[in-house]
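Accompanying notes for the structure given below.
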């Protein structure tokens, strides 16, 4: 990307914000609790406008958003008891396909649509050629999880991780691991590397990090691997498992296993602190948010005004930054064919992006709340959809 076209995330969000005006299907039942009188978000007001919403809103997509969607659906339906929101966490690829087919009104995806995919214009729920909006709604570190008895944490650099997941390092007692973990009694035990067997935005984010942080070791067929939504198992081997829950289960129930998953699902498994610059950084919501705020817009000049896709700076050496993160998007139509879902979409996504919604998700999923600038940019986008 040339210097003349580089746009920081903050600059882009500030520009959009100027226009702001102020099954495993997740579905929560409304409660009898009354919202506080001073709450002012779209989802929690007790005005006739908020309480008049009714109908069913269907979404599908990234399983990484699963716990967050539980909190969002519960909060929104509590304030809007005549609305039913369903979210099927079938994975990012499945969510995008469902949205494109017209079977859902919004998608959750751990990557934005590519520019050429948008140009094709195959979005069944949208008016032809109206385009789509993409809003980063869920920011989360991807934890590198492992199962070694008595070892809760390990320090690993990108080159070592690359060699583990490509099958070059096959034993936990390998010197490359031991040298970074003085005082840790590593077992003489075979490593089983677990990856997603389905198409996954989590895999795309993990492999994108590896290709940029370890270009000398993250290789396929002699060339830099780059980013893959589907793990190239024929090249690297390892054990595959479907969806986030499958990877976590495989690591939990295995011996000497290592994998990658949304950090909210790490539980009691061992976790890796990743080397960034001269330090090893454990995952946290704060460290994940730090890299997102500093990352530039993706494909500047090639996406629509309602597209907030970003290009993560994976090779950063900034102190306290955790670079293995996913940014999961909510995606919908600028102009819906079904007018009856427009107010539902606006209300729901407004709640998701509100400070209250983001904090509710953090309490349930451990994600990093989006910034105030992102919230303002989202509201500006929502005001334009029809």
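The values are calculated or read from the model by the stated rules, or taken from the named source; none is laboratory data. Here the structure is a predicted model, which is why all the values come from computation and not from measurement. In this analysis, Cβ positions are derived from the backbone assuming ideal geometry, glycine residues included, and neighbour counts consider all displayed protein chains.
Structural remarks
- Residue 320 out of contact with any strand residue (DSSP E or B) (no Cβ under 9 Å at 6 or more places or on another chain) and at pLDDT below 95: no
- Among the residues of the stretch 271-286, none qualifies, meaning not one is crowded, with 16+ Cβ neighbours inside 10 Å, assigned to a loop (DSSP other than H, G, I, E, B) and more than 15 Å from the chain's Cα centre (by Cα).
- Test: residue in the stretch 200-213 that is farther than 27 Å from residue 94 by Cα and buried (at least 21 other Cβ atoms within 10 Å of the Cβ): yes
- Test: residue 349 is at pLDDT 95 or above, touching a strand residue (DSSP E or B) at 6+ places or on another chain (Cβ under 7 Å), farther than 29 Å from residue 88 by Cα and surrounded by 17 or more Cβ atoms within 10 Å (Cβ to Cβ): no
- Residues located in the stretch 310-333, provided they are assigned to a loop (DSSP other than H, G, I, E, B) and crowded, with 22+ Cβ neighbours inside 10 Å: 312, 321, 322, 323, 324
- Checked against (1) within 24 Å of residue 159 (Cα to Cα); (2) buried (at least 20 other Cβ atoms within 10 Å of the Cβ); (3) out of contact with any helix residue (DSSP H, G or I) (no Cβ under 9 Å at 6 or more places or on another chain), residue 341 passes all but a single condition, namely (1).
- Selected residue [closer than 23 Å to residue 379 by Cβ, surrounded by 24 or more Cβ atoms within 10 Å (Cβ to Cβ), modelled with pLDDT of 95 or more and assigned by TED's automatic domain parsing to the domain that holds residue 356] from 74, 107: 107
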